[in-house]
């Protein structure tokens, strides 16, 4: 009952934020970009709130609880990824675009084909990510609400409904503040949980990590003791090292191509603020991912892998650790925080996808760039949010609660790194790059990543044609090569002429959208 009350308290608070934001989201810039009035620290917290998803808290903690060092490699990839965002895309993207990633591409390329491909890529990436969050939501909420008869399917549906309400009525402003509140709550919960874990070892790091070298559990019915500080528990031969490299490439390069992360840079007034917000985000995210080590290994030591497997599986490692250390009250708090995490992330994903559909596909592809009123664009985005929310709920119910959410998010990163990142980088930094190269790169990256995922052991089991779980090591080079070959095949003088103008704008901010735009 305590967990239910805490969760309901968060829901009431965030609905209040949504009601407040709905009165301010009167125009397109307000709905899609929060009026471009978000400060650096606010956007940093919101970016962190968007990034530290259920996959991070539930999935990575579970992977470390099951596989120790190998699970921690997910954390490393997620953390290092923000260096590419800070050094390469944050400032040029803010200076060159308006609402979506495709704005940057369309600045010097032919708008209709690149916007159509960008919208398709955004929907695909957001779909993978949203399904992961919904799976985590269903598993968590059904655990919380089992006493009142809410099963997995009903839990997923309830989360989907709330997410739709946030986006449809509050837009980016409501989503931003929900993410800020969520980031603060999540960091408080993770720090408190880590403190309680270390308290059991006298706050002695040596004693804690020494215990991590002797973790016992049952493997194939046989009791075993493993060193969780050594690699090899998950990434086993013959393809283990390649799997890890492929995953790392996807995480490190994919972040700079994630639509729901990129749209956050349009909510700030200028490029310097965008850059500062990334620094804020990196600091918060860095602390979070370091602390997942203590959560995961703490769950393995104090709860036990066998107990976790018998009580909800890998995704329940963090909640079960909270129950072990603090009883029902602490479980209620961690569960409410997890619920907040899921709602904030799915709201961010939904608004980025609906913005792309409304701004890129509807206004600039279907309407061929002809004038559309801000009210019309916002209406299309709201309808899209409803459709996306319902679709994600349906797929998450079909997938079921057993899928590891960190793994599903890793696939979204692979698609982003393969389809989006090559064309963003080449558009910003290669003068000859043109529309044909962009379409080829995005199409090849999208098709190769999705195709290899479908042929991987994750979907085909022992009959897999492609031996790696994550396709990044193959699909990312394919995306770059296709974009380069498509560009070299023909020349497009018009694109080259626009390059200098884009270069100046990307680096100086001349002509960029300002906070006064409404």
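The values are calculated or read from the model by the stated rules, or taken from the named source; none is laboratory data. Since this is a predicted model, take the numbers as computed values, not measurements. So basically every Cβ, Gly included, is an ideal-geometry build from the backbone, and we count neighbours across all protein chains shown.
Would you say residue 194 is closer than 25 Å to residue 307 by Cβ, part of a strand (DSSP E or B) and in contact with a helix residue (DSSP H, G or I) (Cβ under 7 Å, 6 or more places away or on another chain)? Explain how you work it out, then say what you get.
Details: closer than 25 Å to residue 307 by Cβ: yes; part of a strand (DSSP E or B): no; in contact with a helix residue (DSSP H, G or I) (Cβ under 7 Å, 6 or more places away or on another chain): yes.
Spelling it out, it is not the case that residue 194 is closer than 25 Å to residue 307 by Cβ, part of a strand (DSSP E or B) and in contact with a helix residue (DSSP H, G or I) (Cβ under 7 Å, 6 or more places away or on another chain).
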- Which of the residues spanning segment 431-449 are surrounded by fewer than 19 Cβ atoms within 10 Å (Cβ to Cβ) and modelled with pLDDT under 95? 431, 432
- Could you tell me whether segment 71-92 includes any residue that is more than 19 Å from the chain's Cα centre (by Cα) and closer than 22 Å to residue 296 by Cα? no
- What helices (runs of 4 or more DSSP H) completely inside segment 99-170 contain at least 1 residues that are within 30 Å of residue 367 (Cα to Cα), in contact with a strand residue (DSSP E or B) (Cβ under 6 Å, 6 or more places away or on another chain) and free of Cβ contacts under 8 Å to residues at least 12 places away in the same chain? none
- Quick one: is residue 176 in contact (Cβ under 8 Å) with a residue 40 or more places away in the chain and in contact with a strand residue (DSSP E or B) (Cβ under 9 Å, 6 or more places away or on another chain)? no
- Query: From the set of residues in segment 37-65 that are more than 19 Å from the chain's Cα centre (by Cα) and either over 29 Å from residue 286 (Cβ atoms) or surrounded by fewer than 24 Cβ atoms within 10 Å (Cβ to Cβ) (or both), which is modelled with the lowest pLDDT?
  - Reply: 37
- Message: Residues that are out of contact with any helix residue (DSSP H, G or I) (no Cβ under 8 Å at 6 or more places or on another chain), more than 16 Å from residue 341 (Cβ to Cβ) and surrounded by fewer than 20 Cβ atoms within 10 Å (Cβ to Cβ): does segment 164-179 have at least one?
- Response: no
- Note on the structure: Checked 268, 303 against criteria (more than 21 Å from residue 189 (Cβ to Cβ), touching a helix residue (DSSP H, G or I) at 6+ places or on another chain (Cβ under 7 Å) and buried (at least 20 other Cβ atoms within 10 Å of the Cβ)); the one match is 268
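The rows are residues; the columns are (1) touching a residue at least 60 places away in the same chain (Cβ under 8 Å); (2) surrounded by 24 or more Cβ atoms within 10 Å (Cβ to Cβ); (3) touching a helix residue (DSSP H, G or I) at 6+ places or on another chain (Cβ under 7 Å).
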position	(1), (2), (3)
256	yes, yes, yes
262	yes, yes, yes
274	yes, yes, yes
284	yes, no, yes
309	no, no, no
312	yes, no, yes
317	yes, yes, yes
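If a residue must be part of a helix (DSSP H, G or I), in contact (Cβ under 8 Å) with a residue 12 or more places away in the chain and surrounded by fewer than 21 Cβ atoms within 10 Å (Cβ to Cβ), how many such residues does segment 391-424 contain? I'd like the intermediate steps shown before the answer.
Start the filter on segment 391-424 by keeping residues that are part of a helix (DSSP H, G or I), which leaves 391-399, 405-424.
This time we only want the ones that are in contact (Cβ under 8 Å) with a residue 12 or more places away in the chain, so: 391-393, 395-397, 399, 405-424.
Next, from what is left, pick out any that are surrounded by fewer than 21 Cβ atoms within 10 Å (Cβ to Cβ): 391, 395, 397, 399, 407.
The qualifying residues number 5.
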- Message: Can you say whether residue 464 is modelled with pLDDT under 90 and over 28 Å from residue 488 (Cβ atoms), as far as the supplied structure shows?
- Response: no
